[in-house]
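These notes are about the structure you will find just below.
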Amino acid sequence: MKYIMFEDFSGVPVPVIFPNRIDHAEMREQMPYPKALSAGYVSLRPDGFHCHGASKELQLEAKSGDAAVIAGKFEDPES
């Protein structure tokens, strides 16, 4: 799966996860958030989420803290 980490209007990181067949740039165009923080690929392994790679179109790459943000959204969906 692919993802883009956005900053919402209150400054909180918000991940959007989507299928590989959708381009990062196409997904970016659909989102109302003004700032994209990082982008790449996400996978779920036995030890948790892992983020890697980059989006050439958006000139963004996966960051080390992205997997923790994504995991946190699954643990506490209200965050």
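The values are calculated or read from the model by the stated rules, or taken from the named source; none is laboratory data. On a predicted model such as this, the values are computed, not experimentally measured, just so you know. Please note: Cβ atoms are built from the backbone with ideal geometry, for glycine as well, and neighbour counts cover all protein chains shown. Areas reflect the complete protein model, heavy atoms only, side chains present, ligands, DNA and RNA absent. Shrake-Rupley method; radii C 1.70, N 1.55, O 1.52, S 1.80 Å.
Rg/Rh, computed from the Cα trace of the chain with Rh as the Kirkwood radius, has the value 0.94.
Relative contact order of region 2-75, taken over Cα pairs closer than 8 Å and 6 or more residues apart, is 29 percent.
A Förster distance of 30 Å, applied to the separation of the beta-carbon atoms of Ser10 and Lys63, puts the FRET efficiency at 0.95.
Summary value for region 19-61: 36 percent relative contact order, contacts being C-alpha pairs under 8 angstrom separated by 6+ residues. What fraction, in whole percent, of alpha-carbon pairs in region 30-75 exceed 18 Å separation? In whole percent, the long-distance tail amounts to 33. Modelled spin labels at Tyr33 and Glu78, positioned 7 Å past Cα toward Cβ, are 2.1 nm from each other.
What accessible area per residue comes out for the chain, rounded to a whole number of Å², with a 1.4 Å probe?
Details: 5000 Å² over 79 residues.
Here the residues of the chain average 63 Å² of exposed surface.
Give, as a single signed number, the net charge of other residues whose beta carbon lies under 14 Å from the beta carbon of Gln30, with Lys and Arg counted +1 and Asp and Glu -1. Spelling it out: positives minus negatives among the neighbours equals -2. In whole Å, how far is the Cα centre of region 28-45 from that of region 8-26? Taking the Cα centre of region 8-26 as reference, the centre of region 28-45 is 3 Å away. Distance between the pseudo-spin-label points of Asp23 and Met1 (7 Å out from Cα toward the beta carbon): 2.3 nm. 3J(HN,Hα) along region 58-70: 8, 6, 10, 10, 5, 10, 4, x, 4, 4, 5, 5, 4 Hz, from the Karplus curve 6.51 cos²θ - 1.76 cosθ + 1.60 with θ = phi - 60°, whole Hz, x for Gly and Pro.
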